[in-house]
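Inspection log for the structure reproduced underneath, given as structure tokens.
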Amino acid sequence: MSQDIFGIQAALKSLGIKDLHQGASTGMEWIKTSGDVISSYSPVDGLLIGKVNAAKQDTYDAVVNIANQAFSQWRQIPAPKRGEIVRQVGDRLRGKKEALGKLVSYEMGKSLQEGLGEVQEMIDICDFAVGLSRQLHGFTMHSERPQHRMYEQYHPIGIVGIISAFNFPVAVWSWNAMIALICGDVCIWKPSEKTPMSAIACQQILSEVLKENNIPEGVSNLLIGDFRIGELMSHDPRLSLISATGSTRMGKKVGAAVGARLGRALLELGGNNAIIISETADLKMTIIGAVFGAIGTAGQRCTSTRRLIIHERIYEDVKSRLKEAYNQLKIGSPLDPANHVGPLIDQNAVELYLKAIVQVKKEGGKAVVEGGVLNGKGFQSACYVKPAIYEAENSFEIVQAETFAPILYLMKYTTIEEAIFIQNNVPQGLSSAIMTSNLRESELFLSHMGSDCGIANVNIGTSGAEIGGAFGGEKETGGGRESGSDAWKYYMRRQTNTINYGTDLPLAQGIQFGF
Ligand code: NAD
């Protein structure tokens with residue numbers, strides 16, 4: 001059994017995963033919960049990993065109250081001291097990297113290397129947040145009035161609600177939580193109900209550090225549940241910021257609920273990412289970038305490459321190289337490093353993949369590499385599918401939508417302007433790339449006339465962003481930015497201050513108000 005071969009049971013034990021878990025924690029003891037039982041099955045081999053009692057409204061309210069109290073204490077701790085706690089979290093993650101990476105891979109179905117990579121991103125964001133805890137600075141500016149000083153400063157915003165997706169079960173939480181914590185906020189995390197065990201493991205790790213440092217309960221909270229907990233969070237005015245990662249369908253609901261109460265939302269939603277392949281592209285690099293982007297995490301990354309927009313003169317060459325590369329792909333258990341492609345998350349995802357294949361053909365698409373479900377020896381669950389390639393038009397309904405599976409669409413272009421138009425002509429705006437050796441093309445692609453996405457790359461693919469940059473996308477991707485750069489400003493409220501150190505009180509706009 002894969003569990004024995006790959007040491008999954010040992011990993012679960014070292015992470016403190018029990019058979020039946022409670023679904024709420026305020027960072028101290030686990031809180032007894034009485035919601036539906038959520039069972040987490042591995043897409044790798046279909047076996048049960050563990051069960052958890054979901055949280056219900058009563059637990060939700062109790063946790064929000066505790067978080068509220070914790071906020072009044074946590075925000076008083078100086079930012080660099082909060083950073084010290086985050087530094088310890090990073091160290092603890094270093095020690096648990098192997099076990100947590102394995103669990104992420106086993107529960108989500110991504111390759112072990114990607115599971116470990118996800119934990120490394122958590123460690124990296126901790127390091128980033130520690131440095132940032134000494135740099136939460138605003139501007140000073142010159143006042144128009146004599147003997148006045150003006151500056152702006154950033155204060156903690158309150159409770160940050162984090163709703164996360166299944167495909168990055170742990171990293172996306174840390175991108176939000178570690179930054180929010182150094183900003184002086186407290187967090188409530190509702191992870192995907194498809195990957196609850198990875199979230200429980202993270203909460204255990206964080207709780208150890210909080211307890212050792214005598215941090216009050218409620219600073220970092222976990223609530224396991226489905227969309228109902230997410231709805232409670234998005235409607236709750238006590239949660240100052242909702243950072244939600246997931247489908248555009250979910251984001252529209254969360255955005256509307258948070259907007260209706262004039263709260264702040266940070267939305268990280270679906271993508272429909274393309275690579276433009278110019279006739280001057282280095283095709284060796286191009287094929288590596290395109291194949292990794294399309295089949296990595298079995299096409300279940302928000303930044304997965306879904307469309308290749310290829311110059312007509314090299315179209316046939318690229319097509320045959322892709323075919324050759326796809327023929328060499330090894331599909332099977334993601335825990336086995338020999339495999340390139342693992343399973344989809346669940347049966348529902350397999351159905352959506354099959355539906356998309358039917359639809360692309362119905363709309364006139366032609367198979368370059370035919371898809372299909374894989375079964376038999378080496379496929380221990382019904383979630384393994386073949387990465388597929390179809391020639392398609394950008395205007396097809398199915399091409400305009402994000403299918404969270406390894407399906408790649410090929411299309412031709414003649415001029416660079418046309419290629420950029422095609423790239424932008426979808427509702428989503430997350431990641432984009434151009435493969436070219438032509439400076440004019442790459443600069444046009446990066447200019448205001450170029451890609452309309454939050455991420456635009458030259459000579460690398462669409463997937464795999466570094467934590468140092470602000471991450472996110474435009475249009476139906478939601479407009480949010482998280483992780484590096486100045487994304488921390490989302491997690492704080494900005495205040496402009498004017499101080500008069502003179503003996504007169506000149507009014508703004510030259511108004512005279514003498515008496
Ligand atoms: P999903 O939308 O089904 O679920 C995401 C989260 O939202 C889950 O925790 C879910 O319980 C919760 N949720 C669902 N409906 C809700 C509602 N009405 N109110 C509040 N919460 C609700 O997404 P998924 O299948 O877990 O993840 C895949 C999607 O996430 C893809 O579209 C992918 O592109 C997107 N994604 C985007 C990014 C990004 O940074 N842009 C990163 C990862 C994933």
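Structure summary
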quantity	calculated
For region 273-467, size of Cβ-based charge dipole, Lys and Arg +1, Asp and Glu -1, in debye	580
Between helix 347-362 and the chain: long-axis angle, C-alpha atoms, 0 to 90°, nearest 10	60
√(5λ) per eigenvalue of the Cα gyration tensor, region 198-346, largest first, Å	41, 22, 13
Pairs of alpha carbons in the chain whose separation is greater than 31 Å (percent)	48
Mean separation of Cα contacts under 8 Å (6+ apart) over length of the chain, as relative contact order %	17
Coordinate range along principal axes, alpha carbons of region 69-156, Å, largest first	64, 27, 20
Isotropic mean projected area of the C-alpha convex hull, region 296-375 (nm²)	6.4
Gained length - Glu393 relative to Glu370, 0.36 nm times residue gap less alpha-carbon distance	6.6 nm
Highest to lowest packing among 30-40, 224-234, scored as the average C-beta count within 10 Å	224-234, 30-40
Accessible surface of the chain [probe 1.4 Å, protein heavy atoms]: carbon and sulfur percent	53
Stokes-Einstein D for region 407-472, Kirkwood Rh over Cα pairs, 37 °C, 0.692 mPa s (µm²/s)	261
Selected from Ser431, Pro337, Gly454, residue furthest toward positive end of dipole (region 273-467; charges at beta carbon)	Pro337
Rounded D (µm²/s) - region 273-467, Kirkwood Rh over Cα pairs, Stokes-Einstein at 25 °C, 0.890 mPa s	147
With Cα atoms, 0 to 90° folded angle of helix 171-183 axis to the chain main axis	10
Estimated FRET transfer efficiency (Leu354, Asn214; beta-carbon r; R0 45 Å; 0.05)	0.25
Segment Lys377-Glu418, length gained on full extension (0.36 nm per residue, minus Cα span)	10.2 nm
Per-peptide average of other Cβ atoms within 10 Å, ordering 500-506, 126-132, 447-453, 181-187 highest first	181-187, 126-132, 447-453, 500-506
Packing rank of 13-20, 188-195, where each peptide gets the mean count of other beta carbons within 10 Å, highest leading	188-195, 13-20
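The values are calculated or read from the model by the stated rules, or taken from the named source; none is laboratory data. All figures in this text were calculated on a predicted structure; none of them were measured in a lab. With ideal geometry, Cβ positions are generated from the backbone for all residues, glycine too; neighbour counts draw on all protein chains shown. Quick note on the areas: whole protein, heavy atoms, side chains included, nothing else; ligands and nucleic acids left out. Shrake-Rupley method; radii C 1.70, N 1.55, O 1.52, S 1.80 Å.
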